[in-house]
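Asker: Got a structure for you, questions after.
The values are calculated or read from the model by the stated rules, or taken from the named source; none is laboratory data. No experiment lies behind these values; they were computed from the predicted model shown. As a convention, Cβ positions derive from the backbone with ideal geometry for all residues, glycine included, and neighbour counts pool all protein chains shown. Remember, those area values only see protein heavy atoms, side chains included, never the ligands or the DNA or RNA. Shrake-Rupley method; radii C 1.70, N 1.55, O 1.52, S 1.80 Å.
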Amino acid sequence: MSEHVRFQLKTVDDLKAELDRLGLSLPISDDFSVFGQTVDVSGRTLPNRFLVQPMEGVDSTDDGSPRDLTYRRYRRFAEGGAGLLWFEAVAVVNEGRSNPRQLYLHEGNLDDYKKLADETHDAGQKACGHSPMLIVQLTHSGRFSKPTGAPKPVIAQHNPELDSAVGIDENYAPVTDDELDRLQDDFVKTAKLLYQAGFDGVDMKAVHGYLIAELLGCHTREGKYGGSFENRTRFVREVIAKMRQELPESFIITSRFTAHEPSPWPYGWGINEANEFCLDEPLRVVKELGLPTLNFSIGYPRFQPYMNRPHDNPLVGAPKPPEHPLEGVVRFQNVAKAFHDMSGGSSPVMTAALSWLRHLMPYVAAGMIKEGWTDMIGIGRLGFAYPGLVRDLLEKGSMDPSKCCTTCSMCSQIMKDVVGFNGCVVRDREIYVPQYKAGRDAAKAKGLA
Ligand SMILES: Cc1cc2nc3c(=O)[nH]c(=O)nc-3n(C[C@H](O)[C@H](O)[C@H](O)COP(=O)(O)O)c2cc1C
Ligand code: SF4
C-alpha cells in the first residue's frame, strides 16, 4: 500500500505519471466517442454508456415516500442525460430501514412512487429526447437497521468484528429461517409494486454488508441459509426465481452484487480460507443466476470506505485512508474487468468508484470501454455534484473541473449523522450546507465526533 495523498492531478499525463510511480495501471483513452455508443440492456437499447449509481438521499417522509428533494434529485439526474438511472436503496419492510428517512415502498404510498417514475421519465424525455431506464434497488439493512433512529439490528450470523462495531453481544438472536422465508415474499411483493409504479426493473441489493450480502458469507449459520455455497446463495437465487415467475419478462430483475465482504474467514465473501481476495464464488453465483446486468461493489462503506468510494477526506473523526486513492480506483476497476472477462459480453458490466478522478474520469472510462473492462460507466458522487456531466461529455466532449466532486465525504457525513437530507454540500450549497450543519450540530450536542 502507498501513502494516502489528496488529489493534485491536472492533466491526463499527470495521471499516467502517478499510476507509473505507484506501479499501477489502468486503460486510458482520449477517444470520448465511445460514450455515445448505444448499449443493450436486457433487450432495450440505451442511448449512451452512462448510468447514475444508487445514492441515498435520506429524505423520505415518515411513511417512506419521496419528498420534494427526492423528486428534484431524480429530475436532475434524468436531465443530465445518463441512459440508466439506478435508484437508491428502498426498504421492503419498515424494520429493514437504515434510518427513519430511508425510502420505503408499500401499498399505501404506491401513487407517490408512480409520480416519481413518471416525473423522472418525463424530465429525461423533455431535456434530452430520451427517457432513461429506471431500475430501483430494494433492500433490507440487516445489522445496520435503525427504523426509528435507534439501532435494531437483524443479523444473519454472529461476526465478531462486525458485532463489536455495532454493540451486539453473543446472546443476540440471528434472524430465523422462517423470517427469511417471509422476507423473500416481501422482496417479491415490493418488486411487483415497482412494476405497477412504472419502473423498468428491480435490483435486490446484495452489497455493502446489508442483510442479503451478509447471508452470502454465512459459513457459520445452521439451517438452510448457512454453510454450503448453495445454502448461502439460497436467498438471492430463490427470490430472483420467484420474481421471474411472477413478473412479466419485460421487467428487469437483477441484483447489485457484492464481489467482496471483507470480514476474515469464515465470515466474509469473496475471500478464501487464507483470507485473500478471491472472486471464485462471486463470479460463480453471478454466472449461475444469469443476471441481465453486472453491477457490483466491494467492501463495507462503514468500515472500508476507501474500497468503494476512494476519497480525499475521511468522515469526521475517522482515520486517514490506509492507501493511495488510486489503489482503490484500480482495485475496483480490476473487479469490473474480472466480471467482464467472465461474462464475455453476455450482460453489460457497470463499474463505479471513479469519482476521485474528477475531470480525468472520462479518460479512464473511455479506456475501460475500449479495452473491454466494462460496458457502462457508473457515476456516483460525481453525479451528486455535477448532475449535467453526461450531457457535457456527450455534447461538448469535456467536463468542467469547477463542477466536479471533491471527494470531501460530506454527503456521507450527512448520512452518518442522520439529521439532514443528503446531497452535495460543495456544489449544491444553498440546499445542502444547512443540512450538513444541522447534522453536525446534532452530533456535537450528543457529544459525538
Ligand atoms: C452518499 C452515498 C450514498 C450511497 N447510497 C448507496 C445506495 O443506496 N446503494 C448502493 O448500492 N450504493 C450506494 N452508494 C455507493 C455508490 O453507488 C457508488 O458505488 C460509490 O459512491 C462509488 O462511486 P463514485 O466514486 O462515483 O462515488 C452510496 C454512496 C454515497 C457517497
Ligand atoms: S458532498 Fe459533494 S463534493 Fe463532497 S463527496 Fe459528496 S458529492 Fe462529492
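Asker: Select from G198, N171, Y225 the residue farthest towards the positive end of the dipole of segment 145-299; place +1 on Cβ of Lys and Arg, -1 on Cβ of Asp and Glu, and compute about the Cα centre.
Answerer: So the residue we want is G198.
Asker: Report, ordered by chain and residue number, the aspartates and glutamates lying within cross-link reach of K444, taken as a straight Cα distance under 16 Å and ignoring same-chain residues fewer than 8 apart.
Answerer: D417
Asker: Using modelled amide H (1.01 Å from N, peptide plane; none on Pro or chain starts), what sits under 5 Å from the amide H of H140, excluding residues fewer than 5 places away?
Answerer: Amide H to amide H, under 5 Å and 5 or more residues apart or across chains, H140 pairs with L211, I212.
Asker: Still on this structure, please answer the following. With a point put 7 Å past each Cα toward its Cβ, work out how far E246 is from D111 in nm, to one decimal.
Answerer: The modelled label-to-label distance comes out at 2.5 nm.
Asker: Based on DSSP H runs of at least 4 residues, each adding -39500 (n - 2.57), what is the mean residue ellipticity at 222 nm of the chain after dividing by all its residues, to the nearest 500 deg cm²/dmol? Don't jump to the answer; show the numbers that get you there.
Answerer: Numbers: 16 runs with 173 residues, N = 449.
Result for the chain, helices only: -11500 deg cm²/dmol.
Asker: Starting from the Cα of K192, draw a straight line to each of the lysines and keep only those under 29 Å, dropping any in the same chain fewer than 8 residues away.
Answerer: Cα-Cα hits under 29 Å: K114, K115, K126, K146, K152, K205, K224, K242, K287.
Asker: I need the calculated FRET efficiency for the pair N94 and T45, taking r as the beta carbon distance and R₀ as 41 Å, to the nearest 0.05. Please report the intermediate quantities before stating the final value.
Answerer: On the way: r = 38 Å, r/R0 = 0.92.
Taking R0 as 41 Å, the efficiency between N94 and T45 is 0.60.
Asker: Under 20 Å between alpha carbons, and skipping anything fewer than 8 positions from K403 in its own chain: which lysines qualify?
Answerer: Straight-distance partners of K403: K10.
Asker: Cα centroid distance between segment 89-141 and segment 25-66, in Å?
Answerer: Computed from Cα coordinates, the inter-centre distance equals 16 Å.
Asker: Would you grab the residues whose amide H sits under 5 Å from the one on I252? Only those 5+ places off in sequence or on another chain, please, with H modelled 1.01 Å from N.
Answerer: For I252, the qualifying residues are G201, V202.
Asker: Count neighbours as other Cβ atoms within 10 Å of each site's Cβ, and list the trypsin sites (Lys or Arg not before Pro) in segment 329-388 that are DSSP loop with at most 16 such neighbours. Could the numbers behind the result be given before it?
Answerer: Details: sites: R331, K337, R358, K370, R381; in loops: none.
Qualifying residues, ordered by number: none.
Asker: Based on the Cβ-Cβ distance of S346 and N272, what FRET efficiency does E = 1/(1 + (r/R0)^6) give at R0 = 35 Å, to the nearest 0.05? Display every interim value, and only then the final one.
Answerer: Values: r = 26 Å, r/R0 = 0.75.
The calculated FRET efficiency here is 0.85.
Asker: If each residue of separation counts as 0.36 nm, what is the full-extension length gain between A165 and D280 once their alpha-carbon separation is subtracted? All intermediate terms of the calculation are to be shown ahead of the outcome.
Answerer: Values: separation 115, 0.36 × 115 = 41.40 nm, distance 2.81 nm.
Taking A165 through D280 to full extension adds about 38.6 nm, to one decimal.
Asker: Could you report segment 12-400's accessible area per residue, 1.4 Å probe, as an integer in Å²?
Answerer: Values: 13760 Å² over 389 residues.
Using a 1.4 Å probe on heavy atoms only, each residue of segment 12-400 averages 35 Å².
Asker: For segment 330-439, run through the GluC sites (Glu not before Pro) and keep only the ones in DSSP coil with at most 14 other Cβ atoms within 10 Å of their Cβ.
Answerer: Here the GluC sites (Glu not before Pro) that fit, given the DSSP loop and packing criteria, are E371.
Asker: Between S25 and M1, what is the label-to-label distance in nm when each label sits 7 Å out along the Cα-to-Cβ direction?
Answerer: The two pseudo-label positions are separated by 2.5 nm.
Asker: Roughly how many percent of the accessible protein surface of the chain is carbon and sulfur, given a 1.4 Å probe and a whole-percent answer?
Answerer: On the way: 8220 of 17160 Å².
Its accessible area is 48 percent carbon and sulfur atoms.
Asker: Given 0.36 nm per residue, what is the gain on full extension from D63 to A127 after removing their alpha carbon distance, in nm? Intermediate values should be presented prior to the final figure.
Answerer: On the way: separation 64, 0.36 × 64 = 23.04 nm, distance 3.10 nm.
Value of the extension gain: 19.9 nm.
Asker: Only Cα pairs within less than 10 Å get springs; with that Gaussian network setup on the chain, which residue of E170, E281, E95 has the largest fluctuation?
Answerer: E170
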